[in-house]
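**Student:** Submitted below is the structure of interest, expressed as structure tokens.
A short reminder: the numbers here are calculations on the coordinates, not readings from a lab. Source: prediction; values computed, not measured. Glycine gets a Cβ as well: all are built from the backbone with ideal geometry, and neighbour counts include every protein chain shown.
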Amino acid sequence: MSETMKIPQATAKRLPLYYRFLKNLHSSGKQRVSSAELSEAVKVDSATIRRDFSYFGALGKKGYGYNVNYLLGFFRKTLDQDELTKVALIGVGNLGTAFLNYNFLKNNNTKIALAFDVDSDKVGTKIGDVPVYHLDDLEKHLLEEQISVSILTVPSSVAQPITDRLVKSNVKGILNFTPARLNVPGSIRVHHIDLAVELQSLIYFLKNYPGTDVNE
Ligand code: ATP
């Protein structure tokens, strides 16, 4: 934390830019990068990059450049501190669309960042500012964006196979709006919100236990 506070704001603003580029480098297997390469990719002059990186304790070596793993580790630690939790939504139907438009805007550390569907009319569009991708590309985007929470608003018949894919892609929490009961490993948390059941149960209680103090 105190480390972060010493970084000038202008430098801090460039962190996500560096971070995104380094993540790509890392996933393509690159282990080092020169300030000239970085400069070209992120369009920041190399003197500024060298100064920025000196704040991170990353001293590039002539002819070697910077260690990609070290920088990535630093960025992850620094950016995660007040980073918002990005959530994926699967199934852009009526309910899913409503969530995308609502998008928890009052809650400034949670945001639906990406959505998935199989309907070609929806794939490739944006709802609010959330891009809708094809389900075929689920794993790729989840890993790239490091998504650990997903909302499920698909038809219940496809909820389990999609859940299995989410689990394999490192998703740790699922907010399940489908009526399906999901099987997941013990380390995965599922919160189930079946709106129809909730409504029916409320009506049932009103009819059968009128006037009962439910908080007893
Ligand atoms: P809702 O149930 O949210 O009111 P709806 O009645 O408009 O939606 P559903 O049939 O429940 O439509 O489907 C919800 C969304 O899930 C649709 O946009 C549909 O295209 C999408 N969908 C269907 N199958 C899949 C799948 N295998 N993967 C991802 N999305 C899917």
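**Student:** Taking the number of other C-beta atoms within 10 Å as the exposure measure, put 97, 110 in order starting with the fewest.
**Tutor:** Going from least to most buried by this count: 110, 97.
**Student:** What ranking of 145, 198 emerges when the number of other C-beta atoms within 10 Å of each C-beta is taken as an exposure proxy, fewest first?
**Tutor:** The order, fewest Cβ neighbours first, is 198, 145.
**Student:** So for 77, 207, fewest C-beta neighbours within 10 Å to most, what's the order?
**Tutor:** Ordered by Cβ neighbours within 10 Å, fewest first: 207, 77.
**Student:** Find the relative contact order for the chain and round it to a whole percent, using C-alpha pairs within less than 8 Å whose residues are 6+ positions apart.
**Tutor:** It comes to 13 percent, rounded to a whole number.
**Student:** Quick one: Debye curve from the alpha-carbon atoms of region 85-200 only, equal weights, vacuum; give me log10 I(q)/I(0) at q = 0.11, 0.12, 0.14 Å⁻¹ to two decimals.
**Tutor:** For the requested q values the scattering log ratios are -0.31, -0.37, -0.52.
**Student:** Where a Cα-Cα gap under 22 Å defines reach, which lysines qualify for residue 61, not counting those fewer than 8 residues away within the same chain?
**Tutor:** The reachable lysines, counting only those whose Cα sits under 22 Å from residue 61, are 23, 30, 43.
**Student:** Right, another one. How big is the charge dipole of the chain about its Cα centre, in debye rounded to the nearest 20, if each Lys and Arg gets +1 on its Cβ and each Asp and Glu gets -1 on its Cβ?
**Tutor:** So the dipole magnitude of the chain works out to roughly 1040 debye.
**Student:** Pairs of alpha-carbon atoms within less than 8 angstrom and 6+ residues apart define the contacts here; what relative contact order does region 2-78 have, in percent?
**Tutor:** With pairs under 8 Å counted, the relative contact order is 37 percent.
**Student:** So if I place +1 on the C-beta of Lys and Arg and -1 on the C-beta of Asp and Glu, and nothing else carries charge, what would the dipole magnitude of region 85-200 be about its Cα centre? I want it in debye, nearest 20.
**Tutor:** It works out to roughly 380 debye.
**Student:** What does DSSP give for the chain in terms of the percent of beta bridges that are antiparallel, rounded to the nearest 5?
**Tutor:** Of those bridges, close to 20 percent are antiparallel.
**Student:** Let's test the formula: R0 of 30 Å, r as the Cβ-Cβ distance of residue 54 and residue 148. What FRET efficiency results, to the nearest 0.05?
**Tutor:** 0.40
**Student:** Quick one: net charge around residue 148, please, counting Lys, Arg +1 and Asp, Glu -1 for every other residue with C-beta under 11 Å from its C-beta.
**Tutor:** +2
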